[in-house]
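Written below as structure tokens is the structure these notes are about.
The values are calculated or read from the model by the stated rules, or taken from the named source; none is laboratory data. Nothing here was measured: the structure is a model prediction, and the numbers come from that model. Cβ placement follows ideal geometry from the backbone for every residue including glycine, while neighbour counts extend to all protein chains displayed. Accessible surface is based on the protein model in full, side chains and every heavy atom, while ligands, DNA and RNA are left aside. Shrake-Rupley method; radii C 1.70, N 1.55, O 1.52, S 1.80 Å.
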Amino acid sequence: MSLLARYDTPASLRDMPVGSPFYDNWHDFIALRLDASTIGTNGGEFYDATQTDVNILGEHALVWMAFPRRVLMPRLDDRTSAFIEADRTPGGDSGNRNVQDEYCEWRVERNAAGKITKVTFTTETPEYFEQLWAVDRARVVTLYQTFVNPAVVEADLHIGGTYQRSNRWNNADGIMHLRQSINNLNAALNLAQDSAVTPQAQFTGIPAPTTIPTASDNYQMPSVADTSVDPRVTYDVAALVRKPFSVTLRDPIGLYMTHFDDTGWTKPDGKPVDNYWTILRGNPGQILRLQYEVPAGAGFVVGDLSIGGRPIEWGGQIAEHVTVSIVGVAGVRAS
């Protein structure tokens, strides 16, 4: 294993021409937050792959559901109220994104009859757009025009030159990237790095693993957790550091939708649905923007479909079938 030369953009996006300073700026942004090893219990560490040479022994995907745990758990006996809460909005169909806190947010669009026509999911972070804005505002505007609304103009996206994460096109009138207060890459990096020094007391009763990391290295999360993602990352990263391993996040670092499952979904005639998913940004396994929409001319819309016999009335019903992930790698320092 050799040192990583430069941190790549999420899903290796190429929103700027080759040679643009944006790519060096993105590397610097990531490296600044991972600029030193965090030493954990038993000598393991969370490290910067551009500074510390590690022989990688395995990868470990940290996986969770897009639908927010804090909305679902108090409403286990009333799923409809959970769906309403997750989609609720003060005025429009932008979705109650303030409660969508699993590093995945979605927006629902409906027709005049109130039926869902499209649901758009994103795991793109605001930091990416801030870094891009600092280099080329016009490119950010073009991305908004392409993926949100052709009517977007530069003045809509900033105040006094400062890019606004919750501008109208990423709030009431659209969705471009994450905007919930704790849904950002800086928080995710801090969570992963801080997990390397999780107190030993949190692992009482959990046997110390002795093998290289595998997909089975998942430890029981506390039932009182507010989110699915935080304890997932905290427990799994800390467990690997205790082995002890050197742990970091796989490049390109990003929050990704990795799987979507429409098994058991049916059309109005009762037949299984076709593939109505479209990856708009990213690629399979590293999806950053995902859309669910029945093609025009099919004679029906998303709101006419059913999941397990239940009509789709809320975006959250689809979110329950979307998986979000961040991937860690673990190994030992090269000699």
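What the table below lists for this structure:
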| read-out | value |
| --- | --- |
| List HIS158, HIS60, ordered by accessible area with a 1.4 Å probe, largest first | HIS158, HIS60 |
| Angle in degrees between helix 21-33 and the longest Cα principal axis of the chain, rounded to the nearest 10 | 60 |
| VAL18-ASP261 pseudo-label distance in nm [points 7 Å out on the Cα-to-Cβ vector] | 4.0 |
| Added length on full extension, which subtracts the Cα-Cα distance from 0.36 nm per residue, SER81 to ALA187 | 35.3 nm |
| Gain upon complete extension [VAL153, ASN55; 0.36 nm per residue less C-alpha separation] | 30.5 nm |
| Per-residue SASA entry for VAL135, accessible area with 1.4 Å probe, Å² rounded to 10 | 50 |
| 0 to 90° range, to nearest 10: angle between helix 126-135 axis and the chain longest Cα axis | 90 |
| Pair SER2, ARG88: separation of 7 Å Cα→Cβ label points (nm) | 5.6 |
| Per residue value of the accessible surface for the chain (all protein chains in place, 1.4 Å probe), Å² | 42 |
| Coarse-grained scattering of the chain at q = 0.07, 0.12, 0.13 Å⁻¹, given as base-10 log I(q)/I(0) from a Debye sum over alpha-carbon atoms | -0.31, -0.89, -1.03 |
| Length-normalised contact order for the chain - Cα pairs under 8 Å, 6+ apart - percent | 29 |
| Cα-based Lys pair tally, the chain, threshold under 24 Å, eight or more apart or on separate chains | 4 |
| Sparse-neighbour loop sites [chymotrypsin sites (Phe, Trp or Tyr not before Pro); region 237-326; at most 14 other C-beta within 10 Å; DSSP] | PHE300 |
| Accessible carbon and sulfur surface of the chain relative to its total accessible area, %, 1.4 Å | 51 |
| Estimated distance in nm for a label pair at ILE39 and ALA296, the labels positioned 7 Å out from Cα along Cα-to-Cβ | 6.3 |
| Degrees between helix 137-147 axis and first principal axis of the chain (Cα, 0 to 90, nearest 10) | 50 |
| Accessible area (Å², 1.4 Å probe, nearest 10) - MET16 | 20 |
| Net lengthening on full extension, ALA334/ASP173 (0.36 nm per residue, minus Cα-Cα) | 52.9 nm |
| Equivalent ellipsoid semi-axes - Cα gyration tensor, region 1-83, angstrom | 35, 22, 12 |
| Solvent accessible area, Å² - ARG107, 1.4 Å probe, full protein context | 40 |
